[in-house]
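Just so you know, all these numbers are worked out from the coordinates, no wet-lab data involved. Predicted model, so just to flag it, every value in this text is computed and none were measured. Here the Cβ is made from the backbone with ideal geometry for all residues, glycine too, and neighbour counts use every protein chain on show.
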There are 2 protein chains.
Amino acid sequence: MPTENQLNPTARFLMGPGPSDVHPRVLKAMATPLIGHLDPQFIRIMDAVKDMLRRLFQTRNELTFPVSATGSAGMETCFVNLLEPGDEALVCVNGVFGNRMCDNVERCGAKLVRVDAPWGRPIDPAQVKQALQKCSPKLVAIVHAETSTGVLQPLEEISRMVHEAGALFLVDTVTSLGGTEVKVDDWGIDAVYSGTQKCLSAPPGLSPVSFSVGAVDAMEKRKTRVQSWYLDLSMIRKYWSGEKRLYHHTAPVSMIYSLYEALRLIFEEGLDARFERHRQNHKLLREGLGALGFEFVVAPEYRLPMLNAVKIPEGVDDATVRQWLLDEYNIEIGGGLGEFAGKVWRIGLMGCSCTKNHVNMLLAALRQIMKQ
Amino acid sequence: MPTENQLNPTARFLMGPGPSDVHPRVLKAMATPLIGHLDPQFIRIMDAVKDMLRRLFQTRNELTFPVSATGSAGMETCFVNLLEPGDEALVCVNGVFGNRMCDNVERCGAKLVRVDAPWGRPIDPAQVKQALQKCSPKLVAIVHAETSTGVLQPLEEISRMVHEAGALFLVDTVTSLGGTEVKVDDWGIDAVYSGTQKCLSAPPGLSPVSFSVGAVDAMEKRKTRVQSWYLDLSMIRKYWSGEKRLYHHTAPVSMIYSLYEALRLIFEEGLDARFERHRQNHKLLREGLGALGFEFVVAPEYRLPMLNAVKIPEGVDDATVRQWLLDEYNIEIGGGLGEFAGKVWRIGLMGCSCTKNHVNMLLAALRQIMKQ
């Protein structure tokens, strides 16, 4: 049988909902020869990754590390370690990823209470307040940056209510981390997960997570074993922390190299400068899209800078235009998910894909395509 | 705060239980700029990976692909998709990874029946026969290559018994795949998982799996949802197969690049030549270690070529010598796990780490160290 051809993908500009473009230094880090997952030099790299993730999450949480799988596994890690069968969980839903949280709650055998807002709108704290009067959840979960709709969810007011109700506060920051403020300690977040392939601009494959003392306490008080062996933090903690690093599973060495280098790049730029860059390029894109007649899905005050959801104009065919952008311009943008399929485009300006040049290229390409 | 130093690990020779040395072409593949996980070009790469994995597993199973996490997640994928609460499962245990299977069965809420053999010895088919007279398991699980002890488990006779009992046959080939024959179809294996960081010589982070028609049928007859969202094959199948590739989670693009290139290297060498290379270098190592007075844990007819477990000689300090090998020679070998901790070394000759030069370097280093 013949062998396959050499790997030869076309160079793309990644302006969808992730993965985003990866910096050449991160690509180079991926090509670093491997050392063992118990090598003292690797332990030092792990420690540096934990330190940098704490700075990024703006937390002092000891239990902060990247889960060895993509963002959805980080979500599952949070739910399966914090919930036991019979527990109650309140989930705020205004898009695909809120729904995914509900699915996780049910698979844990926990009782689900939902608070729903229309897609494209944030959750109103008053809704959470009302719901908390009728249930006593162990945790309340919400998405900070809904990748399916482009909504940035304010968290502080809801966090206060959650803590007054004696619950843990669980937040999805897959799309926000590294592109806008995520203040885990100041905002009273007890469990948080993210992904590497969005504003961190590393390849997909890891999910940074962090847990407060309260969350760790809840894990230690469990009466049942965590239903997932692979994601059981009672064991994983012994590999990522402590003096003896006990083998649990073989760490994805090269992926951790990539995260190490992506985090270095973030701190070389500085968090404030990075967030400002995301705001500025979002502004440039917004103005350009406005001039082309596009309408945003989300009201101005709740728009994510890194994920721009716009309505597909009347008479424009979704798949045709995205295929054209990919084939003729090597630009990838994202289609709509769930109830937004065929109706919305999702334009990402994440990490290394968030530059004036990316914005200008996309706007020029759209102008040319829409003239035809 | 200062930024971390540049990534600069020492170059090592990886002769432990994995990760193994990675070919420069695979490292280079990891540095390939990313394309999107729904890009038609990426779909073609996925299809090629599936085809090559089928050739490697020697199977025609449609449902053959790499799980987006390490080998232990592949194990969990098999158990959580095939077992439901109340099902019965028979697990053969003669080392750490058999025990891990038992843990998985229990977390699925299934009833566990164990067959145990002493560590370092294979499971006797007569034991399985006897056990099958007292239970009616939905599946029987066994480890083909026990990484904790170095035992190669013969499978064909046990497979026949399992099928006569109407059960599914689940096999761990994490350490064997790519280094010795794994004939999924001929041996009647219904569910199989492996890892990329052993004899495939790709970085850790993916777990190739394959499922027979019978296994898929059992999944389709489930009455309950799979307890893991991330590993639920009823959804993952729609991304890896079928005409429409439905988004489930963002695929680890760079890791799949690395597997693509590692598989190309395997078929350029040829499976038979590759297996013969593993046998020949095992022989060279065995003779050299024998001359140095080392004893193997496993009887000759059941020894894995790629994972050589030897007793640590009287008067030799485990940690000191392994540290010395690492610091002075940059050679990593593995310590013992579980009941073999401090008593056994595990010397890997896997994939790119399986060369005459690796064997000669290690033997020479051991000779020099043991003279001191």
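The mean number of Cβ atoms from other chains found within 10 Å of a Cβ in peptide A:64-70 is 4, as a whole number. Which FRET efficiency value, to the nearest 0.05, do you get for B:Gln133 and A:Gln41 by plugging their Cβ-Cβ distance into 1/(1 + (r/R0)^6) with R0 = 35 Å? Once rounded, the FRET efficiency stands at 0.10.
Near the amide H of A:Leu168, within less than 5 Å, lie the amide hydrogens of A:Leu139, A:Val140, all on another chain or at least 5 residues away, with H placed in the peptide plane. The mean sequence distance of close C-alpha pairs (under 8 Å, at least 6 residues apart), as a share of the length of chain A, puts its relative contact order at 24 percent. Once Rg and the Kirkwood radius are both taken over the C-alpha atoms of chain A, their ratio Rg/Rh works out to 0.98. In order along segment B:263-272, the Karplus-derived 3J(HN,Hα) couplings, from 6.51 cos²θ - 1.76 cosθ + 1.60 at θ = phi - 60°, round to 5, 4, 4, 4, 7, 5, 6, x, 5, 5 Hz, and Gly and Pro are given as x.
Along segment A:244-261 the Karplus relation, 6.51 cos²θ - 1.76 cosθ + 1.60 evaluated at θ = phi - 60°, assigns HN-Hα couplings of 8, 9, 7, 4, 10, 10, 6, 5, x, 3, 5, 5, 6, 4, 5, 5, 3, 6 Hz to successive residues, with x for each Gly and Pro. A Förster distance of 22 Å, applied to the separation of the beta-carbon atoms of B:Asp185 and B:Glu157, puts the FRET efficiency at 0.85. With a Förster radius of 22 Å applied to the beta-carbon distance between B:Met235 and A:Arg114, the computed FRET efficiency rounds to 0.60. Per-residue mean of foreign Cβ neighbours for B:17-23 is 4 (Cβ atoms of other chains, 10 Å radius). Sparse packing (at most 11 other Cβ atoms within 10 Å of the Cβ) combined with a DSSP loop state is found for none of the trypsin sites (Lys or Arg not before Pro) in segment A:5-58. Look at the stretch B:339-351: the mean tally of other chain Cβ atoms within 10 Å of its residues' Cβ atoms is 0. A crude spin-label estimate for the pair A:Lys244 and A:Asp124, with each label 7 Å from Cα along the Cβ direction, gives 5.6 nm. Which entries of A:Lys50/A:Lys223; A:Lys311/B:Lys244; A:Lys111/B:Lys238; A:Lys311/B:Lys221 have Cα-Cα distances beyond 32 Å here? Result: A:Lys311/B:Lys221 exceed 32 Å. For segment B:116-189, trypsin sites (Lys or Arg not before Pro) are listed when DSSP marks them as loop and at most 14 other Cβ atoms sit within 10 Å of their Cβ; the list is B:Lys134, B:Lys183. Copy-to-copy label distances for B:Gln130, where each label lies 7 Å from Cα along Cα-to-Cβ, are 6.6 nm in order of increasing length. Think of it as helices only: each DSSP H run of n ≥ 4 in chain B is worth -39500 (n - 2.57), and spread over all residues that comes to -12500 deg cm²/dmol at 222 nm. Computed from backbone phi with θ = phi - 60° and the Karplus coefficients 6.51, -1.76 and 1.60, the 3J(HN,Hα) list for segment B:68-77 is 7, 5, 6, x, 5, 6, x, 4, 4, 4 Hz; x is used for glycine and proline.
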